[in-house]
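K.L.:
Attaching a single structure in structure tokens format; questions to follow.
The values are calculated or read from the model by the stated rules, or taken from the named source; none is laboratory data. Since this is a predicted model, take the numbers as computed values, not measurements. Cβ coordinates were reconstructed from backbone atoms using ideal geometry, including for glycine residues, and neighbour counts include every protein chain displayed. With ligands, DNA and RNA removed, areas are computed over all heavy atoms of the protein, side chains included. Shrake-Rupley method; radii C 1.70, N 1.55, O 1.52, S 1.80 Å.
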Amino acid sequence: MFFEGSEKKAEVIVNGNVSLLNDVNDDFWAAMVSCCNAQILSSVKNEHCKAYLLSESSLFVWDDRILILTCGVTRLVKSVEYFIKHFTMANIAHVFYQRKNEYYAQAQFSNFGEDIRLLQEYMPGIAYRFGELDGHHNYVFHQQNDFQADKNDKTYELLAYQICEKASNMLTTPGLTPEQIREYLQLETLLPGFEFDDFVFDPYGYSVNAINAKDYFTIHITPQAGISYVSFESSLNLVNMAPVILDVLKPNSFDLLAFNEPNLELMVDTHIPQHYVSQAKVSDTMSNGYQLSFINYIAPQQQFAKPRLLDTTGDNHAL
């Protein structure tokens, strides 16, 4: 059974005229999510953040912004358009849209180019590509305006491909409970003080949201052998957690993405197991002030070519 685990992601920041957390009800978020053919399954909330677990990934809502990730064949850009039409661009400070390469891009209902053409009906923007077109890569689009990111606004992603047979077998075991998967992934150890909301899909798949004050953490797992993919995203430093994550999953390859982390190279030298080889190290400070760094790693048995320095589509530089 095939399922496209690769996510699309959007972050929309509002300008302070509305509190997204307190002034917008669940009916609006349900309608917005339905625009990309996803549904809300459950949610958890604290005074700073509300996290919605979706049939295809996650939605996080803070007072001044939303972050939404969707996988499968969802067309996330339609949910972004719904948000824009409701709040209008006059109340939006910045729009950021990201899309990574898919296993079966031909099965999608749109591509990155079509998505950003829709967004450009509402705003001017700039697009980037991090990584090679025929390898692991991420497309990024952001609104072109005077917005500048706070240097302390940090986000980390770890995207694992082709997890080991032991992990795949465990995560496709019939009858698994959320508690068993949390224990296998050592989430309570990694995330003390966090509130969890998770779901095991039938026949395969797992998603979890976790929040603690303003911090968030989310995992989405497509465990089937041959197409396995596990994504982690958090405001917490995933590089520091990488030794535990990689020891459990033992993927054949993985990507690291970090926003506004100037010490990434030092961190990976300390925390990434040395049997993984970096195929690409690319970084760019975009015009909206976010520094985005991308590194792709492979296990030795997957190293078919000499590691190369990759460039992005802009005037970018290696880490």
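K.L.:
Which pairs have Cβ atoms under 8 Å, sit 6 or more apart or on different chains, and link a residue in segment 13-34 that is farther than 13 Å from Val61 by Cβ to one that is surrounded by fewer than 14 Cβ atoms within 10 Å (Cβ to Cβ)?
P.N.:
Asn15/Asn91; Asn17/Asn91
K.L.:
May I pose another question? Only one residue in Val61, Val18 is more than 19 Å from the chain's Cα centre (by Cα) and of a type in the set (A, V, I, L, M), so which one is that?
P.N.:
None of the other options fit; the residue is Val18.
K.L.:
Going residue by residue through segment 281-291, is there one that turns out to be at pLDDT 95 or above, surrounded by 21 or more Cβ atoms within 10 Å (Cβ to Cβ) and either of a type outside the set (A, V, I, L, M) or in contact with a Pro (Cβ under 8 Å, 6 or more places away or on another chain) (or both)?
P.N.:
yes
K.L.:
For segment 75-89, give me the residue count where each residue is in contact (Cβ under 8 Å) with a residue 12 or more places away in the chain and open to solvent by 10 Å² or more (accessible area, probe 1.4 Å).
P.N.:
Looking only at that region, the number is 7.
K.L.:
Has segment 114-133 got at least one residue that is touching an Asp or Glu at 6+ places or on another chain (Cβ under 7 Å) and part of a helix (DSSP H, G or I)?
P.N.:
yes
K.L.:
Just checking, which of Ser235, Ser278 is open to solvent by 20 Å² or more (accessible area, probe 1.4 Å), farther than 26 Å from Asn169 by Cα and at pLDDT 95 or above?
P.N.:
The match here is Ser235.
K.L.:
Take Ala258 and decide whether it is among the hydrophobic types (A, V, I, L, M, F, W, C) and either in a loop (DSSP other than H, G, I, E, B) or modelled with pLDDT of 95 or more (or both).
P.N.:
Answer is yes for this residue.
K.L.:
Let me ask something additional. Give Leu59, Leu69, Leu119 a once-over and let me know the one that is open to solvent by less than 60 Å² (accessible area, probe 1.4 Å) and closer than 21 Å to Asn22 by Cβ.
P.N.:
One residue alone meets the criteria, Leu59.
K.L.:
Can you pull out the residues in segment 90-113 that are at pLDDT 95 or above and surrounded by fewer than 13 Cβ atoms within 10 Å (Cβ to Cβ)?
P.N.:
Matches in segment 90-113: Ala90 only.
K.L.:
Could you check, for segment 257-264, whether at least one of its residues is surrounded by 17 or more Cβ atoms within 10 Å (Cβ to Cβ) and closer than 14 Å to Ala160 by Cα?
P.N.:
Looking for residues that are surrounded by 17 or more Cβ atoms within 10 Å (Cβ to Cβ) and closer than 14 Å to Ala160 by Cα, one finds at least one in segment 257-264, hence yes.
K.L.:
What are the residues in segment 206-232 that are aliphatic (A, V, I, L, M) and open to solvent by less than 20 Å² (accessible area, probe 1.4 Å), if any?
P.N.:
Once the filter is applied, which keeps residues that are aliphatic (A, V, I, L, M) and open to solvent by less than 20 Å² (accessible area, probe 1.4 Å), segment 206-232 yields Val208, Ala210, Ile211, Ile219, Ile221, Val230.
Condition check ((1) in contact with a Lys or Arg (Cβ under 8 Å, 6 or more places away or on another chain); (2) assigned to a loop (DSSP other than H, G, I, E, B)) across all residues:
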{"site": "Ser58", "(1), (2)": "no, no"}
{"site": "Leu67", "(1), (2)": "yes, no"}
{"site": "Val73", "(1), (2)": "no, yes"}
{"site": "Lys78", "(1), (2)": "no, no"}
{"site": "Glu81", "(1), (2)": "no, no"}
{"site": "His86", "(1), (2)": "no, no"}
{"site": "His94", "(1), (2)": "no, no"}
{"site": "Tyr97", "(1), (2)": "yes, no"}
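K.L.:
Please verify whether segment 240-250 includes one or more residues that are assigned to a loop (DSSP other than H, G, I, E, B) and under 19 Å from the mean Cα position of the chain (by Cα).
P.N.:
no
K.L.:
Another one. Among the candidates Leu185, Leu176, Leu158, Leu191, single out the residue that is closer than 21 Å to Val239 by Cβ and either out of contact with any helix residue (DSSP H, G or I) (no Cβ under 7 Å at 6 or more places or on another chain) or at pLDDT below 95 (or both).
P.N.:
Leu191
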